[in-house]
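Have a look at the structure below before the remarks.
All of the numbers you see were taken from the coordinates with simple rules; none came from a lab. Here the structure is a predicted model, which is why all the values come from computation and not from measurement. Heads up, the Cβs are rebuilt from the backbone with ideal geometry, glycines too, and the neighbour counts pull from every protein chain shown.
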Ligand SMILES: Cc1cc2nc3c(=O)[nH]c(=O)nc-3n(C[C@H](O)[C@H](O)[C@H](O)COP(=O)(O)OP(=O)(O)OC[C@H]3O[C@@H](n4cnc5c(N)ncnc54)[C@H](O)[C@@H]3O)c2cc1C
């Protein structure tokens, strides 16, 4: 487990959203500060100074609540991992188009709440664009729902956007309504000299993914459902491409998000007068 | 502060010509495109730049005068009008495109830039701005951001919020900040995302940093004519479910087709069809050539009246002329229009269309349907005469019934037009009391005195319906 040293007995695991409410209220009654978390695999990176008397983990809540394959949406509990979601989506031809560091080890709740950048952002959009809504618990124990289960909704404020990326400082995430998309039928890798890329970029179809191949001065390009032919491009072994992609993903360093000057006021608005919750001193 | 002194201060800031307060000049600002609600403001300001907006807002804040930003006034939920005694800040003079960074694919624009003007300016760099509301030749990028506008292309590209990287804002007390980051780097609170769709109640956008996308290598538009709207909807559900990703999936029913063909937007649509489905596919040639036959094969499973392929820009333009002009064509049918906006899961399109037909019979009013089918975003269009209180009441009743059905089917009461004044009473049916109370507290974080666009977007309980004259004097609720 990553992150600062936390004794196992200080982590309580919620069985479901109702249990999380009860645990939160119990902690408050005892005057304990609470920090929501998943598996704490990202904590050292995204919230290194976080301290709390009690860590409320949603990692055991990892059920798929519903999947509407026809509408390409689903709702998962916050403790669902990317790996398990992929298993659930097998055979549907759908994917959650994200590629984030730590996706194998952490929970989706943790991934979205820490605003983990996705390597697919330039081709498929940033990770936050895949969350249509969800279930939350505010610091005073009030459960709320945000967003909608349809792909488009502008009813009321977009509370989801405000809570995503808030690193557990505003609310506990209990579930996520996700927008899925058709998974690529096939992937192809190519290599190209990095120096040539600025010129080539405009005459090639946009790749799904692009990253430096080792230190060799070459770029690796991944294309979905498309075989690209160009003199400057060289087809690359698929398995080696995948290996390099995984290595690149795990070596990524994430910049710590800039703290917002609006955090205190927003936290107070989420749960007026509630005990200290999720905030980093 | 006396009334004259705040007006004098504002005049000093914007200049004599850019504070309007004559009854004739104010008339144009008493409603937006939802003519159901009207209210004449005390004055309209036309600031030239960010500094003027900030100074005007500071004066209004000090004088405790309510105010609302306004773009082109094409909003369809009564968002850009202000209650009696208030001031409208029209952004229409702020229409500079400051920069287009072709390398980074970013545009930096004033809020009053018209949507289509940005795509036209970006074209020479091989780029365009993807969100394309049907009002794009008039509506402003600031208004699009405030409503989180969608459009036909948003099926593939996402709505406005997906294309706004950062925004320079003026807060309700006149302070200035930047929300978001052009590099799309995370800040721990996504205020940019919260602002999009907040209907001008959180901050005024004074500069936008927008994402541009490359003009696709190949574009093909299909026009499929069906016997019934139900079949067209089934085709949409089938295309989505098959995992195909056209850029647009737009449906027009027979009433819409006939209105288009009887108007200046005439484009040769089949008037005997129950509905047409416009499908656009774009991307690298290889992708288009792969997807197109699959879509055509899927369509072959339906009993089509006609299937046409538009490949040249002229052919495609002709198809889109009908779709984009449909709103205007329908507007000619009666003195007033009520364009509804609701969303259902894409798999429930046929069901909701059957219900719309039922409600139409019940209301006794003509309804036409043209909508962003790929997103499940319906827009039943009622034609009525607002001078007849019975018709006006029937329209409101019918609208509420359809939206309630959208909710029942797992949808939303608005996909792109927002809540404005129109749907406040229904918001409480989509969300519970806890959610509404949270939204209200969040509004107060940014807009504590509720001076910026008061009574909008959330159920405000008192005052909102009474503060605006309802055309046709309909009872609220
Ligand atoms: C024929 C027709 C077709 C339409 N088609 C579509 C469509 O396909 N998709 C769609 O989404 N909408 C559509 N609309 C609705 C409307 O065009 C959009 O909501 C549009 O985004 C409004 O832009 P505007 O500049 O007219 O804003 P306005 O109507 O002037 O204002 C809308 C809201 O934005 C706020 N606002 C305006 N400028 C700013 C700013 N700078 N900062 C903060 N707040 C601001 C206002 O206070 C108001 O609440 C259509 C309307 C018509 C009449």
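Below are the figures for this structure:
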{"quantity": "Inter-part distance where the stretch A:70-105 and the stretch B:280-297 are each reduced to a Cα centre, Å", "calculated": "27"}
{"quantity": "Equivalent ellipsoid semi-axes, the stretch A:231-281, via Cα gyration tensor eigenvalues times 5, rooted, Å", "calculated": "46, 13, 10"}
{"quantity": "Net lengthening on full extension, residue B:315/residue B:289 (0.36 nm per residue, minus Cα-Cα)", "calculated": "7.5 nm"}
{"quantity": "Model label zone, residue B:450; criterion: amide N under 15 Å from point 7 Å along Cα-to-beta-carbon; scope the stretch B:164-205", "calculated": "B:201-202"}
{"quantity": "Cα-based equivalent ellipsoid, the stretch B:218-408: semi-axes from gyration tensor eigenvalues, Å", "calculated": "29, 19, 13"}
{"quantity": "For the stretch B:392-442, projected area of the alpha-carbon convex hull averaged over all directions, nm²", "calculated": "4.0"}
{"quantity": "For the protein assembly as shown, share of DSSP beta bridges that run antiparallel, in % to the nearest 5", "calculated": "85"}
{"quantity": "Zone of residue A:185's modelled label, taken as backbone nitrogen in the stretch A:207-243 under 20 Å from a point 7 Å along Cα→Cβ", "calculated": "A:207-209, A:222-229, A:238"}
{"quantity": "Rounded to 10°, Cα long-axis angle of helix A:17-29 versus longest principal axis of chain A", "calculated": "50"}
{"quantity": "Candidates A:174, A:107, A:266: whichever shows maximal mean-square fluctuation once chain A is modelled as a Gaussian network with Cα springs under 10 Å", "calculated": "A:266"}
{"quantity": "Inverse mean reciprocal Cα-Cα distance (Kirkwood Rh) of the stretch A:192-259, Å", "calculated": "13.3"}
{"quantity": "Estimated D of the stretch A:18-123 in µm² per second, where Rh is the Kirkwood radius over Cα pairs and Stokes-Einstein applies at 25 °C, 0.890 mPa s", "calculated": "162"}
{"quantity": "Enclosed volume per residue, in Å³, of the convex hull spanned by Cα atoms of the stretch A:64-182", "calculated": "98"}
{"quantity": "Principal axis dimensions, the stretch A:3-57 - Cα atoms, whole angstrom, descending", "calculated": "29, 22, 17"}
{"quantity": "Among A:167, A:51, A:42, residue whose mean-square fluctuation peaks in a GNM of chain A (springs only between Cα atoms under 10 Å)", "calculated": "A:51"}
{"quantity": "Kirkwood-based Rg to Rh ratio, the protein assembly as shown, C-alpha trace", "calculated": "0.96"}
{"quantity": "Computed over the stretch B:3-155, Cα set: Rg, Dmax in Å", "calculated": "16.5, 51"}
{"quantity": "Choice from A:16, A:140, A:53 with maximal GNM fluctuation in chain A (Cα, 10 Å cutoff)", "calculated": "A:53"}
{"quantity": "Nearest-ten-degree value, helix B:285-300 long axis tilted from longest Cα axis of chain B", "calculated": "70"}
{"quantity": "Pair residue B:51, residue B:24: separation of 7 Å Cα→Cβ label points (nm)", "calculated": "3.4"}
{"quantity": "Antiparallel DSSP beta bridges within the stretch B:1-112, percent to nearest 5", "calculated": "45"}
{"quantity": "Distance between modelled label sites at residue B:332 and residue A:90, nm, 7 Å Cα→Cβ extension", "calculated": "5.9"}
{"quantity": "The protein assembly as shown, helix-only ellipticity at 222 nm - DSSP H runs n ≥ 4, -39,500 (n - 2.57), divided by all residues, nearest 500", "calculated": "-9000 deg cm²/dmol"}
{"quantity": "Folded to 0 to 90 degrees: helix A:238-251 orientation relative to chain A principal axis, Cα", "calculated": "40"}
{"quantity": "Principal axis dimensions, chain A - Cα atoms, whole angstrom, descending", "calculated": "68, 40, 32"}
{"quantity": "Ellipsoid equivalent to the stretch B:40-116 - semi-axes via the Cα gyration tensor, in Å", "calculated": "27, 15, 9"}
{"quantity": "Descending Cα extents along the principal axes, the stretch B:97-214, whole Å", "calculated": "38, 29, 25"}
{"quantity": "Chain B - convex hull of alpha carbons, volume per residue in Å³", "calculated": "143"}
